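Student: My structure is below; once you've seen it, I'll send some questions.
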Amino acid sequence: MKLPAHVTLVEVGPRDGLQNESRPIPAATKIELVARLQRAGLREIEATSYVSPKWVPQMADAAEVMAGIARPPGVRHSVLTPNLKGLEAALAGRPDEIVVFGAATEAFSRRNINCGIKESIERFRPVVEAALAQGIKVRCAVSCALGCPYQGEVSADEVERVVRLMKGIGVQHCGIADTIGVGTPRRAQAALERALKHFPLDEVSGHFHDTYGQALANIYASLELGVHVFDTSVAGLGGCPYARGATGNVATEDVVFMLDGLGVATGVDLDALVDAGAWISGELGRPPVSRVGRALLARRATA
Ligand code: HMG
Ligand code: MG
């Protein structure tokens, strides 16, 4: 089986990773995290989200974070914008890409963004139009594509319904998200195949939370389809405030280690990434969740 020669990692630690932290994290810490990720070679960074501070207080400093990060050439920064209010606020920060986030199930859509699927698409429509008019790329996330904390099982048909709606409003890239990390490799492939019916291979990505330890297997299964863009979170940070018990995204360190072993290029310097993961974990007062991060730190300590 020929795997892709190169994989693009979208580092979502500063957003998906930190959004669920209950203790306030200073904007300066978030800005420093982005700088360390840039230095480790990440070229796509999801920096923050412009959502209601009542819903997700941790992201209330989105404007400060975007104003404070360096914007080196060749590094793209994306932000979440659930509605026009979010997009209007986001524009000042000159994002390279915005993300609208919908769900494959009505129940999760209501809990996460306070409206049903159809209404969410109508909210996204002007957001997508305005972003494209400004030359900003538009990505979507389809949450709960492999399982829902409220509904349970989710069918590939339900996933495809939302994928088609997103395509219909002009979204350019489709992320298939396993919000609660219950997906297994064949299920992941089945959902991605539905996205691939509507979006080109370069514009489909996987976003796998690692709650049940399946994320690396799901990424490998995605590679078998040729999918070569994945969201990952340094140190395995994260969780979704509206998916209780769900842990973070697959750790960037774990994915880089696997891809290095497969001879698949990422452009990421694993040592610098492990440093970034250890640093932010220290700031949060706990060890990195990443198995590779912990193993390499232990090896360094005994060297
Ligand atoms: P709503 O309450 O229905 O919105 O929330 P509204 O339009 O009725 O406004 C209510 C209040 O929110 C108003 O303020 C608005 O100004 C304010 P008030 O007058 O009461 O003071 N407001 C905003 N403030 C700042 N920025 C905004 C904004 N919009 C309204 N953009 C809304 C609807 C979508 C805003 C809300 O439900 C929300 O913010 N949800 C955020 C949910 C979220 O961030 N979830 C986590 C990210 S998604 C995720 O993690 C999944 C992903 O990783 C993929 C995966 O794993 O599945 C992407
Ligand atoms: Mg997520």
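The values are calculated or read from the model by the stated rules, or taken from the named source; none is laboratory data. Only a predicted model underlies this, so the values are computations on that prediction, with no experimental measurement involved. Note: ideal-geometry Cβ built from the backbone for every residue, glycine included; neighbour counts use all protein chains shown. To get the accessible areas, we keep the full protein, side chains included, count just its heavy atoms, and leave off ligands, DNA and RNA. Shrake-Rupley method; radii C 1.70, N 1.55, O 1.52, S 1.80 Å.
Student: How much of the accessible area of the chain, in percent, comes from carbon and sulfur atoms when a 1.4 Å probe is used?
Tutor: 52 percent
Student: FRET efficiency for residue 22 and residue 212, Cβ-Cβ distance as r, R0 = 25 Å, nearest 0.05?
Tutor: Once rounded, the FRET efficiency stands at 0.60.
Student: Follow-up question, since we're still on this one. State in Å² the accessible area per residue of region 94-249; use a 1.4 Å probe, count heavy atoms of protein chains only, and round to the nearest integer.
Tutor: On a per-residue basis, region 94-249 sits at 37 Å².
Student: Restrict the search to region 194-264; then list the trypsin sites (Lys or Arg not before Pro) that DSSP places in a loop and that have at most 14 other Cβ atoms within 10 Å of their Cβ.
Tutor: Taking region 194-264 and a limit of 14 other Cβ atoms within 10 Å, the loop trypsin sites (Lys or Arg not before Pro) found are 197, 244.
Student: Suppose R0 equals 35 Å; then what is the FRET efficiency for residue 63 and residue 299 from their Cβ-Cβ distance, rounded to the nearest 0.05? Display every interim value, and only then the final one.
Tutor: Details: r = 40 Å, r/R0 = 1.15.
The pair residue 63/residue 299 has a calculated efficiency of 0.30.
Student: May I ask you to derive the FRET efficiency for residue 6 and residue 291 from their Cβ-Cβ distance with R0 = 25 Å, giving the value to the nearest 0.05?
Tutor: 0.55
Student: Shifting gears a bit: Return the tail of the calculated pair distribution for the chain, meaning the percent of Cα-Cα pairs more than 33 Å apart.
Tutor: In whole percent, the share of Cα-Cα pairs in the chain beyond 33 Å is 15.
Student: On to the next question. Mind checking region 50-141 for trypsin sites (Lys or Arg not before Pro) that DSSP puts in a loop (not H, G, I, E or B) and that have at most 14 other Cβ atoms within 10 Å?
Tutor: Numbers: sites: 54, 76, 85, 110, 111, 118, 123, 137, 139; in loops: 54.
Sites meeting the loop and neighbour criteria: 54.
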